[in-house]
Amino acid sequence: MRQRLVLLLLVALVIAILIVMTRQGGGTLPPLSNSDFSSLGYKIALLVFVSGAVLTLFRERLAEAIIAALLWVLVGLFLVVGYSYRLQLHDVADRVLVVLVPGHVFARGHEAEIYRSSSSSDFYIREVRVNGAPIPMVLDTGASTVVLTQDDAKAAGLPLAMLDYSVSIDTANGRTRAAPLKIKIIAIGDIEERTVDALVAQTGTLRTSLLGMSFLNRLQSWEVHGTHLVLHGYP
């Protein structure tokens, strides 16, 4: 009995929609074109077919069938909303990663944000691109230039065999020598700086590459607020 009642309600709904569609004037809905009418008719027919199939399959469990159908409707709506707001959700996910994963870069236009761990005094930036190669660096405002380790310089495709280690520098391991050169491009997010002065440290004298002032001075501005670093590049 309940199955017949639901089927009658579906048929009544279809008839009501068809009546509204055939109104050509004084209603609140505009008349539909032939293509719109065909599309809507196809969807209504599909709805009736699926409803009939559900009623047949769940003849003895109509309540469970209705609940299952509603759950699928909710899943569909969730997917549609998620797809519609995918760009905003991507920004939200990036911002959450910035907070949960110290060193992750949240890039938005010519601005980049990085958080550091509350237990660390250094900003560790995971996603610096040197000549296109991803190289992690530590922000070092005491370093006059960008300083690369041997391994990172090799990853960036720099000509190690042609370097002249003629510059004395101080590191955590003491005084050593480094080779001066210019890096074609350094990028963080959408911030890009070209022909940046840099040094390549000798093997075994530097654990992590340093993002120094030769890059920071190229920016429009940069600021530190506690555990929060913001870099502003030029448009």
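Please treat every number below as a calculation from the coordinates, not as lab data. Only a predicted model underlies this, so the values are computations on that prediction, with no experimental measurement involved. No Cβ is skipped: glycine too gets one built from the backbone with ideal geometry, and neighbour counts run over all protein chains shown.
Residues whose amide H comes within less than 5 Å of that of SER144, counting only those at least five positions distant or on another chain, are MET213 (H built at 1.01 Å from N in the peptide plane). Legend: calculated FRET efficiency, ASN173 to VAL224, from the Cβ-Cβ distance at R0 = 35 Å, rounded to 0.05, equals 0.85. Evaluating 6.51 cos²θ - 1.76 cosθ + 1.60 at θ = phi - 60° for every residue in segment 213-226, the Karplus couplings come out as 6, 5, 8, 4, 5, 7, 6, 5, 5, 8, 8, 10, 10, x Hz, glycine and proline recorded as x.
Each Lys and Arg adds +1 at its Cβ and each Asp and Glu adds -1 at its Cβ; summed about the Cα centre, segment 110-215 shows a dipole of about 340 debye.
The stretch between ARG207 and SER121 holds 29.3 nm of extra length on full extension. This uses 0.36 nm per residue minus the Cα-Cα distance.
Amide H to amide H, with H built 1.01 Å from N, ILE125 comes under 5 Å of MET137, VAL138, LEU139, counting only residues 5 or more places away or on other chains.
Among rounded, prolate and oblate, which fits segment 96-232 when a ≥ b ≥ c are the square roots of the eigenvalues of its C-alpha gyration tensor, a/c under 1.5 means rounded, and a/b larger than b/c means prolate?
Prolate.
SER144 to LEU79: FRET efficiency via 1/(1 + (r/R0)^6), r the Cβ-Cβ distance, R0 41 Å, to the nearest 0.05? Mind showing how you got there, number by number?
Details: r = 52 Å, r/R0 = 1.27.
That gives a FRET efficiency of 0.20.
Given a cut-off of under 8 Å on Cα pairs at least six residues apart, what relative contact order in percent is computed for segment 96-232? Kindly include the intermediate steps, with their values, before the conclusion.
Numbers: 320 pairs, mean separation 40.5, N = 137.
For segment 96-232, the relative contact order is 30 percent.
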